[in-house]
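Below you'll find the structure, written out as structure tokens, and then a few comments.
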Amino acid sequence: MIDQLEMIVPDDWHVHLRDGETLNQVIPNTVKTFRRAVVMPNLRIPIATMAAARAYRNRILSACPSRTRFTPLMTAYLTDDISTEELKRGFQEGVFTAAKLYPANATTNSAAGVTDVKHIHSALVAMERIGMPLLIHGEVTDISVDVFDREAVFIERLLKPLRQRYPDLRMVLEHITTEQAVDFVGSADQNLAATITPHHLHINRNAMFAGGLLSDFYCLPVAKREQHRLALRRAATSGDRRFFLGTDSAPHVRSAKETSCGCAGIFNAPYALESYALAFDQEGKLDRLEAFASLHGPAFYGLPVNEERIILQRDKQLVPDLVNGFVPFHAGETLPWRLQPRV
Ligand code: DOR
Ligand code: ZN
């Protein structure tokens, strides 16, 4: 049995850091584990310009604990009227690492998202040409489609046509939740990759209804049946470089979760790597954690691999009910791994 795992410090290729006081409260949880993070742009006022992205990046850096080495990688929020020029310049000047496609009204703060991909045609053509990745929230918003089918239907209705129309566009299907997504990404070329969250490796849809309505396990895309969780575990631990780490850590204050219309999102940043380590260990694939967490992401984004190393120790720790007022994923559970914080 391995008792200590030393690995290259990982990156989080999908995280929600929020803004203002929440940003201050949650950022230490990300930087203690991750060297870089792709920061989602779905603030109340979406990050859709270079100026907004630069200002947000500065707020993130100011909120980091002192002496932290942490690089936020900013994303542009695609809207129907996004400026192609702004996207192009933002990517070329290193302000934007990628652009995020939220189908309008698919999730938190997505009202300004894209109502029809035909509106962003010129942006997608430009992104394809300059090698700017498109990050995709892959769910249809058609309310006649069952909520548990929205990812699978998105792949058929939107992703397949997008791949045909823009074959050289680099795309990441974010936070995949279904075996359809695993199969589609696994059989695609190297221009398509996917992130996998820790929570989707641990819970299936029953978690939301275990003894009552448990909003702490409600996120989007919503967790699916057990067969899908198992497919995600196979993909994450497969060694296939198209699958990599993206926590989708998405904090919401308790009053926004525990209400008649609760927000989607799981705050997993505090124990993210311990959570992935548990899943990989349960699959007998701890030796593949480093590639998933620290190598596949940089390879897809064409970025250097981190130099620092990090140590996970097999050492039990009880996850508290709250971390800075937010309910962490695994609250109340004892995790068998403990990370030696990098800062
Ligand atoms: O559960 C989620 N929370 N899924 C998303 O797509 C957005 C996120 C958020 O921002 O709260
Ligand atoms: Zn997200």
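Running Debye on the stretch 240-308 with equal point scatterers at the Cα sites and no solvent, what base-10 log of I(q)/I(0) appears at q = 0.16, 0.22, 0.26 Å⁻¹? Relative scattering, expressed as log10 I(q)/I(0), comes to -0.69, -0.96, -1.13. Relative contact order for the stretch 1-116: 24 percent, from Cα pairs under 8 Å spaced at least 6 residues apart, divided by residue count. Checking the Cα-Cα distances for Lys100/Lys316; Lys88/Lys224; Lys100/Lys160; Lys88/Lys160 against a 26 Å cut-off, the pairs over it are Lys100/Lys316; Lys88/Lys224.
When both bridge partners sit in the chain, DSSP labels roughly 30% of those beta bridges antiparallel.
Which of Ser187, Pro198, Val172 sits farthest toward the positive end of the charge dipole of the stretch 163-204, with +1 on the Cβ of Lys and Arg and -1 on the Cβ of Asp and Glu? My answer, from the dipole projection, is Val172. Using the empirical formula 2.2 N^0.38 Å as the baseline, the Cα radius of gyration of the chain reaches a ratio of 0.92.
Dividing the Cα radius of gyration of the stretch 219-343 by 2.2 N^0.38 Å, with N the residue count, gives 1.13. If one computes the Cα centroid of the stretch 169-211 and of the stretch 64-140, what distance in Å separates the two points? After rounding, the separation between the Cα centres reads 20 Å.
Across the chain, C-alpha contacts under 8 Å between residues 6 or more apart give a mean separation that, scaled by the residue count, equals a relative contact order of 19 percent.
Here, each number is a calculation from the coordinates, and none is a lab measurement. Predicted, not measured: the structure shown is a model, and the values here were computed from it. Cβ coordinates were reconstructed from backbone atoms using ideal geometry, including for glycine residues, and neighbour counts include every protein chain displayed.
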